[in-house]
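Visitor: Below you will find the structure I want to go over with you.
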Amino acid sequence: MKSSEDWSRLGGILIAAIAFILLVVVGPRMLGFAAGPEPEIITELKSLERDGVKFLVPGLPAPLTSREAVFDRITVQLEPGGQRAMALATLDFTGSVGDTEVSSLGVEEIPFVLRDGTWGPEGRVAPRLAAVVGALEARRRALDAGDGEALARLSLPPEGDAGGGEANGSVRVGELDLDTLRALQRRRYRADAWFIRLERDEAMVTEDWHLEGDLPSRPLSQQGKSRLILQRRGQEFLFSAALR
């Protein structure tokens, strides 16, 4: 039979165990509810700096993969209903997609959703960067194919023009126009690097490119830089007059 001292000792152990559970397990969750989703979302984004950013971009066979990614100036806006939030942050990204080097600095808008009591990204953790890289790759494929119609679909219409359409000889890659691209046999247009500056509704890009192929008179191998401007339209980016 246990003495009163034994029961007191057991009671102390039980109280200590309950206090530990409240402190270690329940406490952080209650603090999280009180503070809102911001601490948890910031922790999630900061963990990506250690683990790396990697996701597929439509139209690209290889994932966009970071060597270094830094999220900074993070703010979180909780949407009505409390089940969805938007993280606004700057992202300094260095990495690659396939054989193309990618360097980007700018703002991101990252949707988060609450699932089973835990906040997580709703989709890609860099949706605006993904949209710009997707547009750049679509342009590269169109130039590789000499496809003016595809280029026109990627471009904003000229001011005063309600439609798209391609202006003859207006698409330029450095000093080469579309007619020269079409004349090349065994054409290959490669993007060696994209240097991206992402603003709220605009992206400015410098592309290091390499064009190879055979003209009727001689083989051609040319390298250069294109400076491009993309404008945000909804969830996509379209090329401005810098493409034409």
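Visitor: Restricted to segment 224-244, and to residues that are without any contact (Cβ under 8 Å) to a residue 24 or more places away in the chain and touching a strand residue (DSSP E or B) at 6+ places or on another chain (Cβ under 7 Å), which residue is surrounded by the fewest Cβ atoms within 10 Å (Cβ to Cβ)? I'd like the intermediate steps shown before the answer.
Guide: Restricting attention to segment 224-244, the residues satisfying the condition of being without any contact (Cβ under 8 Å) to a residue 24 or more places away in the chain are 227, 234, 242.
Filter once more, so that each one left must be touching a strand residue (DSSP E or B) at 6+ places or on another chain (Cβ under 7 Å): 227, 242.
Working: 227: 10, 242: 14.
Only one residue fits best here, namely 227.
Listed here are the residues, each with its yes/no results for (1) in contact with a helix residue (DSSP H, G or I) (Cβ under 8 Å, 6 or more places away or on another chain); (2) within 14 Å of residue 129 (Cα to Cα); (3) of a type in the set (Gly, Ala, Ser).
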position	(1), (2), (3)
62	no, no, yes
67	no, no, no
71	yes, yes, no
74	yes, no, no
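Visitor: Name every residue in segment 114-139 that is surrounded by fewer than 17 Cβ atoms within 10 Å (Cβ to Cβ) and in contact with a helix residue (DSSP H, G or I) (Cβ under 8 Å, 6 or more places away or on another chain), in order of residue number.
Guide: 117, 118, 120
Visitor: Failed condition for residue 207, given (1) at pLDDT 85 or above; (2) more than 18 Å from the chain's Cα centre (by Cα), with all others met?
Guide: Status for residue 207: all satisfied but (2).
The values are calculated or read from the model by the stated rules, or taken from the named source; none is laboratory data. Predicted, not measured: the structure shown is a model, and the values here were computed from it. Cβ coordinates were reconstructed from backbone atoms using ideal geometry, including for glycine residues, and neighbour counts include every protein chain displayed.
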